[in-house]
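Participant: Handing you a structure now.
The values are calculated or read from the model by the stated rules, or taken from the named source; none is laboratory data. Treat the numbers as computed from the prediction; the structure is a model and nothing was measured. Note: ideal-geometry Cβ built from the backbone for every residue, glycine included; neighbour counts use all protein chains shown. For accessibility, only protein heavy atoms count, side chains too; no ligands or nucleic acids. Shrake-Rupley method; radii C 1.70, N 1.55, O 1.52, S 1.80 Å.
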Amino acid sequence: MKNIENMQAELNPAEKKKSSQFYHDVITGLSAQPKYLNSKYFYDAVGDKLFQDLMNCDEYYPTNCELEIFSEKTAEICRAIIADGDAFDLIELGAGDATKSAYLLGYLLENKVDFTYLPIDISDNVISYLNITLPVTLPGIKIKGLNGEYFDMMEKAAAVSNKRKVVMFLGSNIGNLNYEDAVGFCRNMRGHLSQGDMLLIGFDLKKNPKTVLAAYNDKEGITKRFNLNLLERINRELGGNFDVTKFEHYPTYDPESGACKSYLVSICDQEVNIGSQTIRFLKDEYIFMEISQKFSIGQTDEMANRSGFKPVDHFFDSRKWFTDAIWIAE
Ligand code: AVJ
């Protein structure tokens, strides 16, 4: 029988700790009623690749909108974050491949602005990629990639530097939390910042419901594979035996609340083993996989005010489908 200790035999202590947390969260979520998994676990090497494919598919618009903002409004955004010109640390949460931030980084370097880029990502894969490639594509950049959970790494960043902080949280990653949790997250963020520090935060906006739903229900089925990959990851890393052909992907969008949610629905009664645990599914029982919340501008401003920030700027793409807001810590 596969057990978690056997699965972990090859791992170093830090990897073991991550793996134990993953196991704990998976068992907690799949033992709950209704069942859920945390979408932060989508991003292993396979999930990173699937997300890249998703960003390139026709229906998934948020990345293109934000790329448009960063490429068309580079100077304005940089002017806002440079402010009165003090050196700063540019921290990016969930940096991914940093395609969007590269516009800002390039502009700041060209204009000889004194800053250090500190990308933070849950994927060690992503961080080693950035540490290797950015000094080549952006000569002269000061970069220190941090692999881990956002706030653990924010503390690490604060321990090595006391410069002014500008934190980027792009891609509407904030939408992966429900509204109250998102406010809690921003308050927590405020607690890691000082007065005058800034947050550059991306929000996917409410729009035609068909447009939103299509982005999470692409014809090629990449989103479906992206969701199913988490079950496969559980098989790979935790010794699970999910049969992914026995789950259906079910995406939904509610235009009233702005909540876009993904589920995996069991097509039959079944038992799944994960290490020494057995999880039972009834036919039609679902696992809640992910929320991708869509916002109104008013909601984003309210979120700033409720979490100790003042919203000072909004940048939009030409269709006004997405916004990058600048907030100052009060
Ligand atoms: C990267 C979290 C912003 O929620 O839109 C894409 C992830 N999920 N398609 C999102 C995702 C399904 C994405 N975020």
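Participant: What number goes with the only condition from (1) over 19 Å from the mean Cα position of the chain (by Cα); (2) closer than 26 Å to Phe322 by Cβ that Gly184 does not pass?
Facilitator: Condition not satisfied by Gly184: (1).
Participant: Also: Right, Leu205: in contact with an Asp or Glu (Cβ under 9 Å, 6 or more places away or on another chain) and among the hydrophobic types (A, V, I, L, M, F, W, C) or not? Even if it seems obvious, please write down each step before you answer.
Facilitator: Details: in contact with an Asp or Glu (Cβ under 9 Å, 6 or more places away or on another chain): no; among the hydrophobic types (A, V, I, L, M, F, W, C): yes.
The answer is no for Leu205.
Participant: Further question: Looking at the structure I just gave you, is Asn178 open to solvent by 40 Å² or more (accessible area, probe 1.4 Å), within 16 Å of the ligand (Cβ to nearest atom), more than 17 Å from Ile91 (Cβ to Cβ) and of a type outside the set (Val, Ile, Thr)? So that I can check it myself, show each step before the final result.
Facilitator: On the way: open to solvent by 40 Å² or more (accessible area, probe 1.4 Å): yes; within 16 Å of the ligand (Cβ to nearest atom): yes; more than 17 Å from Ile91 (Cβ to Cβ): yes; of a type outside the set (Val, Ile, Thr): yes.
In short, yes.
Participant: Which condition number does Tyr43 fail, the rest of (1) modelled with pLDDT under 95; (2) within 14 Å of the ligand (Cβ to nearest atom); (3) surrounded by fewer than 18 Cβ atoms within 10 Å (Cβ to Cβ) being met?
Facilitator: Going through (1) modelled with pLDDT under 95; (2) within 14 Å of the ligand (Cβ to nearest atom); (3) surrounded by fewer than 18 Cβ atoms within 10 Å (Cβ to Cβ) one by one, Tyr43 breaks only (3).
Participant: Identify all residues within region 122-149 that are among the aliphatic types (A, V, I, L, M) and at pLDDT below 90; write none if there are none.
Facilitator: Of all residues in region 122-149, those among the aliphatic types (A, V, I, L, M) come to 122, 126-127, 130, 132, 134, 136, 138, 141, 143, 146.
Hits for region 122-149 are Ile122, Val126.
Participant: If I filter region 220-245 down to residues being open to solvent by 60 Å² or more (accessible area, probe 1.4 Å) and away from the ligand (no atom under 14 Å from the Cβ), which single residue comes out as nearest to Ser266 (Cα to Cα)? Let's see the steps before the verdict.
Facilitator: Step one: filter region 220-245 for residues open to solvent by 60 Å² or more (accessible area, probe 1.4 Å), giving 220, 224-225, 232, 236-237, 241, 245.
Checking which are away from the ligand (no atom under 14 Å from the Cβ) leaves us with 232, 236-237, 241, 245.
Numbers: Glu232: 15, Arg236: 20, Glu237: 21, Asn241: 14, Thr245: 9 Å.
So, considering only residues that are open to solvent by 60 Å² or more (accessible area, probe 1.4 Å) and away from the ligand (no atom under 14 Å from the Cβ), the one nearest to Ser266 (Cα to Cα) is Thr245.
Participant: Here is a follow-up. From the list Trp321, Trp327, which residue is within 16 Å of the ligand (Cβ to nearest atom) and at pLDDT 95 or above? Quick ask: steps written out before the conclusion?
Facilitator: Values: Trp327 fails: within 16 Å of the ligand (Cβ to nearest atom).
Unique residue meeting the criteria: Trp321.
Participant: Considering (1) under 21 Å from Phe226 (Cα atoms); (2) within 16 Å of the ligand (Cβ to nearest atom); (3) surrounded by 15 or more Cβ atoms within 10 Å (Cβ to Cβ), say which one Ser19 fails and leave the rest.
Facilitator: So Ser19 meets the others, but not (2).
Participant: Restricting the search to region 311-330, which residues are among the aromatic types (Phe, Trp, Tyr) and either free of Cβ contacts under 8 Å to residues at least 60 places away in the same chain or open to solvent by 50 Å² or more (accessible area, probe 1.4 Å) (or both)? Explain how you work it out, then say what you get.
Facilitator: Restricting attention to region 311-330, the residues satisfying the condition of being among the aromatic types (Phe, Trp, Tyr) are 315-316, 321-322, 327.
Within region 311-330, just Trp321 meets the criteria.
Participant: Next question, about the same structure. Given the structure, is Thr223 modelled with pLDDT of 95 or more, in contact with a helix residue (DSSP H, G or I) (Cβ under 8 Å, 6 or more places away or on another chain), over 29 Å from Ser20 (Cα atoms) and among the hydroxyl-bearing types (Ser, Thr, Tyr)?
Facilitator: Working: modelled with pLDDT of 95 or more: yes; in contact with a helix residue (DSSP H, G or I) (Cβ under 8 Å, 6 or more places away or on another chain): yes; over 29 Å from Ser20 (Cα atoms): no; among the hydroxyl-bearing types (Ser, Thr, Tyr): yes.
No; evaluated as a whole, the condition is false for this residue.
Participant: Does region 185-192 contain at least one residue that is within 15 Å of the ligand (Cβ to nearest atom) and open to solvent by 10 Å² or more (accessible area, probe 1.4 Å)?
Facilitator: Checking region 185-192: at least one residue is within 15 Å of the ligand (Cβ to nearest atom) and open to solvent by 10 Å² or more (accessible area, probe 1.4 Å).
Participant: Can you tell which of Pro62, Pro119 is modelled with pLDDT of 95 or more, more than 30 Å from Lys219 (Cβ to Cβ) and surrounded by 17 or more Cβ atoms within 10 Å (Cβ to Cβ)?
Facilitator: On the way: Pro62 fails: more than 30 Å from Lys219 (Cβ to Cβ).
Going through Pro62, Pro119 in turn, just one is modelled with pLDDT of 95 or more, more than 30 Å from Lys219 (Cβ to Cβ) and surrounded by 17 or more Cβ atoms within 10 Å (Cβ to Cβ): Pro119.
Participant: Any residue at all in region 290-297 that is at pLDDT 95 or above, assigned to a helix (DSSP H, G or I) and under 30 Å from Glu66 (Cα atoms)?
Facilitator: Quick first cut of region 290-297, residues at pLDDT 95 or above only: 290-297.
Remaining after also requiring assigned to a helix (DSSP H, G or I): 297.
Pick out the ones that are also under 30 Å from Glu66 (Cα atoms) and you get 297.
The answer is yes; a qualifying residue exists.
Participant: Could you grab the pairs with beta carbons closer than 6 Å, sequence gap of 6+ or different chains, first residue in region 44-68 and over 15 Å from Ser172 (Cβ atoms), second one open to solvent by 20 Å² or more (accessible area, probe 1.4 Å) and within 12 Å of the ligand (Cβ to nearest atom)?
Facilitator: Leu50/Arg225; Glu59/Ala214
Participant: Pairs, please: C-beta under 9 Å, at least 6 apart or cross-chain, first residue within 25 Å of Pro255 (Cβ to Cβ) and in region 275-295, second surrounded by 12 or more Cβ atoms within 10 Å (Cβ to Cβ) and among the acidic types (Asp, Glu)?
Facilitator: Sorted first by the residue in region 275-295, then by its partner, the pairs are Ser292/Asp204; Gln293/Asp204; Lys294/Asp204; Phe295/Asp204.
Participant: May I pose another question? Residue check, Ile122 against (1) in contact (Cβ under 8 Å) with a residue 24 or more places away in the chain; (2) more than 16 Å from the ligand (Cβ to nearest atom); (3) of a type outside the set (Asp, Glu), all met but one. Which one?
Facilitator: Going through the list (1) in contact (Cβ under 8 Å) with a residue 24 or more places away in the chain; (2) more than 16 Å from the ligand (Cβ to nearest atom); (3) of a type outside the set (Asp, Glu), Ile122 breaks only (2).
Participant: Further question on the same structure: Given the criterion more than 30 Å from Ala9 (Cβ to Cβ), more than 16 Å from the ligand (Cβ to nearest atom) and surrounded by 15 or more Cβ atoms within 10 Å (Cβ to Cβ), identify the matching residue among Ser262, Ser266.
Facilitator: Numbers: Ser262 fails: more than 16 Å from the ligand (Cβ to nearest atom).
On inspection, the qualifying residue turns out to be Ser266.
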